[in-house]
Amino acid sequence: MNRSNLAIGECHLRRGRPLARRRATKGRFKTVWLKGVLIMLCLALAAAGGRWLVTTPLFSITKVESGPYRYTSPQELEALLGTALGKNVWSFAAVEFAQEVQALPWVQEVRVIKRLPTTLKIQLQEWRPLLTVVPAPTEQSSFNSILVLRGDGTIVPFPEDLPAPSLPVLVGAKLKPLTGGHWQLANPKPVAVLDLAAAITETALEAFCPIDFIQVRDDGFAIVLQGGQGSLLVGNEDFSRRLHRFMVGKDEVTGETEVDLRFHNRLAARGQDKRV
């Protein structure tokens with residue numbers, strides 16, 4: 001066969017000659033190097049931009065707004081909010097700041113909102129006073145201000161610049177001191193008083209007749225109603241059920257009567273014994 005002609009299916013190569021060659025890697029290394037340089041440059045720019053954001057005076061806090069509040073001292077709150085002025089809004093520690101505000105006596109929850117470029121918005125949720133507390137006679141000389149029970153069971157002084165609260169008065173309780181000029185119920189237990197206050201709200205008892213006093217007695221709590229409408233003995237437990245029973249059968253009770261609600265399914269009053 002003439003080797004000068006091309007025959008399909010035949011290929012005449014010199015023995016030992018490679019069929020394929022390795023591509024040059026110089027261009028690939030150059031591409032990888034350029035990509036690495038670009039990534040490092042982007043990271044450096046991002047770091048520089050982030051540092052500029054948290055240090056530039058363009059984002060310094062110049063205004064701190066607070067929502068409505070009632071019981072918190074304006075002087076204490078304004079002094080605390082003023083510490084945020086001048087700080088960078090991006091780097092401002094909102095969580096730690098909220099904890100400082102929440103340490104104020106009447107603040108229950110705090111929400112801190114950043115409004116770019118230079119404003120801080122503070123939303124407060126305050127504790128609600130439930131009862132006015134008059135300690136036992138042996139302890140009254142130790143207190144010079146009106147004391148109220150908060151929703152968490154802590155007893156705190158009511159703000160002196162506000163009118164005296166129109167709340168049921170818990171009398172005869174024994175208190176023990178806490179830190180920060182606060183107190184806690186030693187007798188009766190705080191949970192029992194909170195349960196009773198919740199039952200009064202749930203049954204809307206005060207819509208029927210406002211309450212003068214809640215007396216702490218050896219046999220439990222007694223609720224003294226206003227207007228000479230008598231009192232309700234509710235014991236130490238099951239307050240909601242007992243007050244519901246009274247609300248159902250209240251029309252059967254007339255005059256200044258002491259109603260004992262501690263009996264199952266009965267309203268036991270002076271000279272009366274009504275089943276409900």
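Across segment 24-69, the qualifying residues are those that are surrounded by 10 or more Cβ atoms within 10 Å (Cβ to Cβ) and under 30 Å from P157 (Cα atoms), and the one among them that is modelled with the lowest pLDDT is G67. What do you reckon, is V148 among the hydrophobic types (A, V, I, L, M, F, W, C), part of a strand (DSSP E or B) and assigned by TED's automatic domain parsing to the domain that holds S73? In short, no.
You will find that of K176, K250, the residue that is out of contact with any Cys (no Cβ under 8 Å at 6 or more places or on another chain), farther than 18 Å from L130 by Cβ and in a strand (DSSP E or B) is K176 and no other. Any residue at all in segment 141-157 that's among the aliphatic types (A, V, I, L, M) and exposed (fewer than 15 other Cβ atoms within 10 Å of the Cβ)? No, that holds for no residue.
If I filter segment 122-130 for residues that are assigned to a strand (DSSP E or B), out of contact with any helix residue (DSSP H, G or I) (no Cβ under 9 Å at 6 or more places or on another chain), at pLDDT 90 or above and not acidic (D, E), do I get at least one hit? For segment 122-130, residues assigned to a strand (DSSP E or B), out of contact with any helix residue (DSSP H, G or I) (no Cβ under 9 Å at 6 or more places or on another chain), at pLDDT 90 or above and not acidic (D, E): present. Would you check if T72 is surrounded by 11 or more Cβ atoms within 10 Å (Cβ to Cβ), at pLDDT below 90 and β-branched (V, I, T)? No.
The values are calculated or read from the model by the stated rules, or taken from the named source; none is laboratory data. Keep in mind the model is a prediction, meaning the values are calculated, not measured. Quick reminder, even Gly has a Cβ in these numbers, built from the backbone with ideal geometry, and neighbours come from all protein chains shown.
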